[in-house]
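These notes concern the structure reproduced below.
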Amino acid sequence: MIILEAKGIEKRIGDRLLFKADHLRVGERDRIGIVGRNGAGKTSLLSILAGVVEPDHGRVWTSSSHQVIPQLKKEDTLQETTKSGGEITMLYIEQAFAVNPDIVFADEPTMNLDVERIKQLEQYFLNFIGAIVVISHDRTFLDTVCNVIWEVDAAKVTVYKGTYSDYYQQKQLEKRQHQERYEDYVRKRSDLERAVLLKQNKAQGMLKAPKRMSSSEAKLAKDKKGTTQAGVHQSIKALETRIEKLERVEKPREATQVKIDLPNELSFKNQTIIRLDRLVAKLEDRTLWQDVSLRIRFGEKVALNGANGSGKTTLLKKIINQEAGVHIAPGCKLGYFSQNLDILKPDLTIIDNVRASSIHPDPFIRTVLARLLFTRDDIYKRVEMLSGGERVRVAFAKIFLSDMNVLIMDEPTNFLDIESVEALEQLIKGYSGTVLFVSHDRQFVERTATRVLEITKEVVVSYDGTYKEYEESGKRHGAGQRDNDKEELLIVEMKLAEVMSKLGDPLTSARAKDDLEAEFQRLIQQRKELRTLIER
């Protein structure tokens, strides 16, 4: 049953058409995800459907009740002054669902939520008996919740049936088909242009009179060739007409692959570059975490996970400030991406902000900026004129291209649309240095991290492997699995004994002892994590 219908709606900003949607429908149990680049008009579309904003043209019909979860949430409307951003967001969500509306409109509801709260929100959406229209850049969330995707792109709204993964596969198919059409267009045009060139050469050759011919014979030959040449020119004109009538296909935009090779990176290979020894963090009288000891090697991509307020940012700042218990290898240079973007100078252009600290030549800077969706004249915009998402991309480019070999990032995907997040993923994959980051975007973590650190119950637990393996490990540690952990602990302790024996052997070389020391520290950390899991 259709409970909302929109026909011919348009929205403009001045003379520019933001988007046009010919016909949109919302069914009583639909779960619709709205996706598109920042500035494409997603929030405007949601506001029009919710009756908050009037369209410039067209009309929306509905007799259904609805609730709106806005992107910007104010504490005073909830009479709350001491709650965190995540807690305030959850209050908005709970209030919206509490009145059992027919439709819930939600604009970036996962903003400020940690992973556990996002999963809780997914259950709210899945159990809700009405319809939901949601804007989100969280691909895992969209995949879990939605059965329809509306894409706002190139000033139009396109409807795709299925989950976000279905939509993504369809987009990849469209890209392949576009590439095939472009290649077919280029081939046909090239064949016709080559045919024109051959005809032109043939016509040119007809102007030459054969040698050893009387003047009267030459005139007859020329007249005959003139007639033939006219036919050739007609053929050329016909070919040129066919070229003009070819349906032009624009070349698909190709994402430039960027690989950053760092100075002296071979000297850091397999080396521990960050060592934490018995770190403790407290907030007033509360212990956030304690006795944190771990090693991070050069080239690792490490995601730091944990609930809001667990001390993730505190841990990053202790490393950046190199507080007591933090040891950084000589030659390591740390770059910090924070949520306040204080490394940017608002009065400078994008490219001047990046140039100021870059160790790379201009062509490479432009390549990276293009990969982060800043093309042509965009790079000459002043930072003060940019949106929040655009500033995030500039800040990342500035750190990425500076004289650093360890990137530490706190929520780098905040305010980024999906296309920007995917560009960021590719840059991190091509970066040969170490990356330590906090993010609640599960797909971003899955695609970039080679290791996951989790802050839980006042300890930091390390999982080697991808985010998917980390989640499966968490499920594995449920009821009835304690014996498996005990067996694994026994194996680790046996390995520890073997390593300690080799370390104490006087015949072991100094170089081998360095590797054994690193293995010893890794096993100590693994033993600690297993003991923590067994004691839960």
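The values are calculated or read from the model by the stated rules, or taken from the named source; none is laboratory data. This one's a predicted model, so the numbers in the text were calculated from it and none came from an experiment. Neighbour counts are summed over all protein chains in view; Cβ atoms, including those assigned to glycine, are modelled from backbone coordinates with ideal geometry. The protein model used for the area step is the full one, side chains on, heavy atoms only, and it has no ligands, DNA or RNA in it. Shrake-Rupley method; radii C 1.70, N 1.55, O 1.52, S 1.80 Å.
Descriptive notes on the structure:
- In region 97-116, the residues that are modelled with pLDDT of 90 or more and closer than 25 Å to G389 by Cβ: V104, F105, A106, D107, E108, P109, T110, L113, D114, V115
- Failed condition for L401, given (1) out of contact with any Ser or Thr (no Cβ under 8 Å at 6 or more places or on another chain); (2) modelled with pLDDT of 90 or more: (1)
- Residue check, V35 more than 30 Å from the chain's Cα centre (by Cα), under 23 Å from S136 (Cβ atoms) and either modelled with pLDDT of 95 or more or open to solvent by 70 Å² or more (accessible area, probe 1.4 Å) (or both): no
- Just so you know, in region 308-332 the residues that are touching a strand residue (DSSP E or B) at 6+ places or on another chain (Cβ under 9 Å) and polar (S, T, N, Q) include one that is surrounded by the most Cβ atoms within 10 Å (Cβ to Cβ), and it is S310.
- Qualifying residue in region 38-48 (condition: over 16 Å from S136 (Cβ atoms) and either part of a strand (DSSP E or B) or β-branched (V, I, T) (or both)): yes
- Residue in region 174-185 that is closer than 22 Å to L416 by Cβ, open to solvent by less than 50 Å² (accessible area, probe 1.4 Å) and not hydroxyl-bearing (S, T, Y) present: no
- Number of positions in region 338-348 that are under 19 Å from the mean Cα position of the chain (by Cα) and either modelled with pLDDT of 90 or more or among the polar types (S, T, N, Q) (or both): 2
- Subset of region 269-307 (residues that are among the charged types (D, E, K, R), surrounded by fewer than 16 Cβ atoms within 10 Å (Cβ to Cβ) and in a loop (DSSP other than H, G, I, E, B)): K269, E284, D285
- Unique match (being outside any loop (DSSP other than H, G, I, E, B) and either modelled with pLDDT of 90 or more or open to solvent by less than 30 Å² (accessible area, probe 1.4 Å) (or both)) among L126, L198: L126
- Every pair of residues 6+ apart whose Cβ atoms lie under 8 Å, when the first sits in region 64-85 and is more than 19 Å from F97 (Cα to Cα) while the second is at pLDDT below 75 and acidic (D, E): T81/E75; K83/E75
- Region 23-32, subset at pLDDT 95 or above and open to solvent by 20 Å² or more (accessible area, probe 1.4 Å), residue farthest from I132 (Cα to Cα): H23
- Count of residues meeting criterion [of a type in the set (A, V, I, L, M, F, W, C), open to solvent by 30 Å² or more (accessible area, probe 1.4 Å) and assigned to a helix (DSSP H, G or I)] in region 139-155: 0
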